[in-house]
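Below is one structure, written out as structure tokens; the observations come after it.
The values are calculated or read from the model by the stated rules, or taken from the named source; none is laboratory data. These numbers come from a predicted model, not from an experiment. When we count neighbours, we look across all protein chains shown, and the Cβ atoms used for this are built from the backbone with ideal geometry, even at glycine. Areas reflect the complete protein model, heavy atoms only, side chains present, ligands, DNA and RNA absent. Shrake-Rupley method; radii C 1.70, N 1.55, O 1.52, S 1.80 Å.
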Amino acid sequence: MAHVTAIRQETMKSGRDDRRPLRIWLGLVVLALFALVMVGGATRLTQSGLSITEWKPIHGVVPPLNEQQWQEEFDLYKRIPQYQKMNSDMTLEGFKNIYWWEWAHRLLARSIGILFFLPFLYFLAKGKIEKRLRLPLLGIFLLGGLQGAIGWWMVASGLTELTSVSQYRLAVHLVMACLIFSSTIWIMRGLTPHSSDEAPGGGALFAGVIAFLALFQIYLGALVAGLHAGMSYNTWPLMDGALVPGDLFIQKPWWINLFENPKTVQFVHRCGAYVLFAAALIQAIWLFRVARGSTHCRRGIVFLLLVTIQAGLGIATLLTQVDLHAALTHQIGALIVLGFAIAHWRGFVGEYPREIPAKV
């Protein structure tokens, strides 16, 4: 460890930081992924996700260029249940509005693949990527390709019988996006110089559990979104007139309510928020007691503040019956909470040890 510290100090003295270009690249990828999830959220909230009914990974980059092509795309949309049961009065101009959201979402996803892979090849050729990071970074890229297939698998669930996508597939798609986002932050944060504050014992485990809770809460939120469960029981703190409403397990078998009963799914999402808030509060108090004044303590307090704001956004989304702006801000807040949780966790683990140069 002393050798690693000496290397870090020598690097700082010389003004060189070989990891900085990698951090900038991964930082841009993180921002692009953040934007992708936000556009995806807007696409879902505007019910635009089924407007493109074919998967064209290459040719799909080019949108309709004339009225005939627009009419062809519109005719394809008219074949699916969403148009027939919900949007039968939609005009071509109205179709264009929802089409552009989905097209932008897919274009951004393709662009991120290029933003990630081309610099990866460049840094790899230049020997700038440490051996320990080559497979993890390649893995992130492959997950991105898998995510594209998952996205189409999700869309396909709404093209034959449903008027929206399956809540199960929506949850898988969103969680995969969050895993890619979190993995990129984890590696980027590991390439960042950390403070010399000693991490309290058990801090990394505590922060890891909290990061998992943040991700799980996003998964629960995806089920709520997929079932449109936020459109009902729009009161807080009571739900259907009680803290614990009735008929939570009315469907048989009982466990199916956790995934298909809008009332139960919303209630579990509320409970998940309470658990995450409690965990963030307990962590902040604990860090204040055992590591007061450290960067770890300050991060714990900031995280508690972010979770509190996010809880307020969730309540606002509920009370406004999923107002577009409130709901989108709530999704933005969820990703910020998750990203900070991952960075906070990495802060306890520390940066990647630098390679010790061979003695001459």
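Some points to look at:
- Look at where the Cα atoms of region 128-198 and of region 289-360 average out, and the two centres are 18 Å apart.
- Charge dipole (Cα centre; +1 on Lys/Arg Cβ, -1 on Asp/Glu Cβ; no other charges) of region 122-277 amounts to roughly 600 debye.
- Lysine pair count for the chain with Cα-Cα distance under 23 Å and sequence separation of 8 or more or different chains is 10.
- Here the accessible area of the chain is 68 percent carbon and sulfur, with a 1.4 angstrom probe and all protein chains present.
- Interchain or long-range residues, amide H under 5 Å from Gly158's placed H: Ser166
- Calculated translational diffusion coefficient of region 241-360 (20 °C, 1.002 mPa s; Stokes-Einstein with Kirkwood radius over alpha-carbon pairs) equals 125 µm²/s.
- Prolate/oblate/rounded call for the chain, Cα gyration tensor, a/c under 1.5 rounded: oblate
- Around the Cα centre of region 9-166, unit charges on the Cβ atoms of Lys, Arg, Asp and Glu (plus for the first two, minus for the last two) sum to a dipole of about 1040 debye.
- Which of Val39, Pro200, Ile140, positive extreme of dipole for the chain (C-beta unit charges): Pro200
- Here the Karplus relation 6.51 cos²θ - 1.76 cosθ + 1.60, evaluated at θ = phi - 60°, turns the backbone of region 189-204 into coupling constants of 5, x, 8, 9, x, 9, 6, 8, 4, 6, 7, x, x, x, x, 5 Hz, with x for every Gly and Pro.
- FRET efficiency, Ala278 to Glu93 (Cβ-Cβ, R0 45 Å, nearest 0.05): 0.40
- Leading residue at positive end of dipole, region 75-118 (Cβ point charges), from Leu118, Gln82, Trp103: Leu118
- The stretch between Trp255 and Asp75 holds 60.8 nm of extra length on full extension. This uses 0.36 nm per residue minus the Cα-Cα distance.
- Within the chain: Cβ-based charge dipole about Cα centre, in debye rounded to nearest 20 (Lys, Arg +1; Asp, Glu -1): 1500 debye
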